[in-house]
Amino acid sequence: MCAGCGNRFAKAALVRFTVVETAAGRELILDVASGSPGRGAYVCPRLECLDKALDRKFLQRRLKAAGDSRQLKEEFVRLIEERLH
Ligand SMILES: [Zn+2]
């Protein structure tokens, strides 16, 4: 299920986010290979859904982590473009 629009999609169509533990605490990251262990949250490949999920802190709350929204959005756009090719 997409954390932005709430619609259901096949897992392969979604972009996965997960968490890494860093010295600064729990950090939200884009799970590029979609295979990292541990908790994950999903967003469908629309930037507006990621915007909503990050701006309303849906992803941060679901994964109990902080994230750099600007950087995550850049990585998300890059990943989607790569998948299209
Ligand atoms: Zn969505």
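The values are calculated or read from the model by the stated rules, or taken from the named source; none is laboratory data. In this text, all values refer to a predicted model and were calculated from it rather than measured experimentally. As a convention, Cβ positions derive from the backbone with ideal geometry for all residues, glycine included, and neighbour counts pool all protein chains shown.
Here are some notes:
- Single unsatisfied condition, Cys49 versus (1) in contact with a Cys (Cβ under 6 Å, 6 or more places away or on another chain); (2) free of Cβ contacts under 8 Å to residues at least 24 places away in the same chain: (2)
- Once the stretch 35-58 is narrowed to residues that are surrounded by 15 or more Cβ atoms within 10 Å (Cβ to Cβ) and among the small types (Gly, Ala, Ser), the residue that is modelled with the lowest pLDDT is Ser36.
- Scanning the stretch 1-15 for residues that are in a loop (DSSP other than H, G, I, E, B) and in contact (Cβ under 8 Å) with a residue 24 or more places away in the chain, we see that the one that is surrounded by the fewest Cβ atoms within 10 Å (Cβ to Cβ) is Asn7.
- Leading residue by the ranking (surrounded by the fewest Cβ atoms within 10 Å (Cβ to Cβ)) among those in the stretch 19-31 that are touching a strand residue (DSSP E or B) at 6+ places or on another chain (Cβ under 6 Å) and either hydroxyl-bearing (Ser, Thr, Tyr) or without any contact (Cβ under 8 Å) to a residue 24 or more places away in the chain (or both): Val20
- Residues being assigned to a strand (DSSP E or B), within 16 Å of the ligand (Cβ to nearest atom) and within 17 Å of Met1 (Cβ to Cβ) - total across the stretch 16-66: 5
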